[in-house]
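Take a look at the structure below.
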Amino acid sequence: MRQISIFDDYYAEEKISTPSRTNWLLIDGNNLMNRAYYATANNTMTAPDGTPTNGVTQFLKMSLNYQKQINANIVVFFDKGKGFRKKLYPPYKEGRNETPELLTQQFPVIREVLTAAGIPYFWNEDLEADDLIGAACNSLSGHKYILSNDKDLLQLVREDVTVVVRKNKVDVMVTPQQFSLDWEGLNPHQIVDVKALAGDDSDNITGVMGIGNKGAINIIKHFGCVEKIVMPFPKEIKRYEKKFEGSGMSDALFAKKLTTLKVDTPLQIKEYEINESGLINICEIYAMKSIINMIMYY
């Protein structure tokens, strides 16, 4: 298992030339901003006008360190809302804690910084960041590294797509092989079927009442996917059969609509070089000196 840390500061004695990049670092912007903010919540950092910048600063440090380590073009994806899933299922994502105001204030700042640096970012009214990341995986050549702790993105894992997940202060590279070890021999695309049965508390998706994660894995290992579930159940999973009486099967099919990413949106993304002068200028405005130092020796 390959493990790397994105919290290690990068230092170099001299500036080096930037090689051509064929890999892509696809960043779940909301997820990484949350991680960056809470990792530095006790570190008071503000711009001259009082705008908090701890989350933005750490976001940039993490992103640039990863760009260096995997030689990748950075692309960032944000949620603009809850999209079509909220329209389809009004309770979707209800019950989540409110985003702290000090973090909310930093989302416009990170988008301003990305624009100044020429780093592309995407968001959409109807689609979530996860959907757009899936679309990018289908649009781009080269290896794609997805930076996020969101389990929904594990369904995208394949030979040319790796999800980088933070576990116990290290980052685990989830490849198809690693996924199979973590999920008892299942394939990445089957995670949507497991979640359709077991539900997802973080998204407030119920799934099939009475089916937990272990039961869902057992059922999908036997049938392969939700659509192929038929009665009667074999002896080894017979205890779950009653859960599918009544609305159980329709609940599972509906939940799968919510858990499956929409990845067919065409995205135009090209290789690029970061606008270092633009990034330095915006960092000077927000007094993010550590990022300026990092860029000067990057």
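The values are calculated or read from the model by the stated rules, or taken from the named source; none is laboratory data. None of the values given here were measured: they were computed from a predicted structure. Here Cβ is always computed from backbone atoms with ideal geometry, including for glycine, and neighbour counts include all displayed protein chains.
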Quick one: is residue 249 touching a residue at least 12 places away in the same chain (Cβ under 8 Å) and within 23 Å of residue 92 (Cβ to Cβ)? yes
If I filter the range 56-68 for residues that are closer than 26 Å to residue 297 by Cα, without any contact (Cβ under 8 Å) to a residue 24 or more places away in the chain and not small (Gly, Ala, Ser), do I get at least one hit? yes
Top-ranked residue of the range 45-87 - restricted to ones that are among the hydroxyl-bearing types (Ser, Thr, Tyr) and closer than 20 Å to residue 129 by Cα, ranked as surrounded by the fewest Cβ atoms within 10 Å (Cβ to Cβ): 66
Check whether at least one residue in the range 75-87 is assigned to a loop (DSSP other than H, G, I, E, B), touching a helix residue (DSSP H, G or I) at 6+ places or on another chain (Cβ under 8 Å) and closer than 23 Å to residue 272 by Cβ, and report yes or no. yes
Any residue at all in the range 153-163 that's outside any loop (DSSP other than H, G, I, E, B), touching a Ser or Thr at 6+ places or on another chain (Cβ under 8 Å), without any contact (Cβ under 8 Å) to a residue 60 or more places away in the chain and closer than 27 Å to residue 32 by Cβ? yes
The range 200-253 - residue that is of a type in the set (S, T, N, Q) and closer than 20 Å to residue 182 by Cβ and, of those, farthest from the chain's Cα centre (by Cα): 218
Assess whether residue 29 counts as being surrounded by 21 or more Cβ atoms within 10 Å (Cβ to Cβ) and either closer than 21 Å to residue 127 by Cβ or under 17 Å from the mean Cα position of the chain (by Cα) (or both). yes
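This table checks each residue for (1) closer than 30 Å to residue 109 by Cβ; (2) surrounded by fewer than 18 Cβ atoms within 10 Å (Cβ to Cβ); (3) assigned by TED's automatic domain parsing to the domain that holds residue 109; (4) touching a strand residue (DSSP E or B) at 6+ places or on another chain (Cβ under 7 Å).
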site	(1), (2), (3), (4)
209	no, yes, no, no
239	no, yes, no, no
243	no, no, no, no
246	no, yes, no, no
275	yes, yes, yes, no
280	yes, yes, yes, no
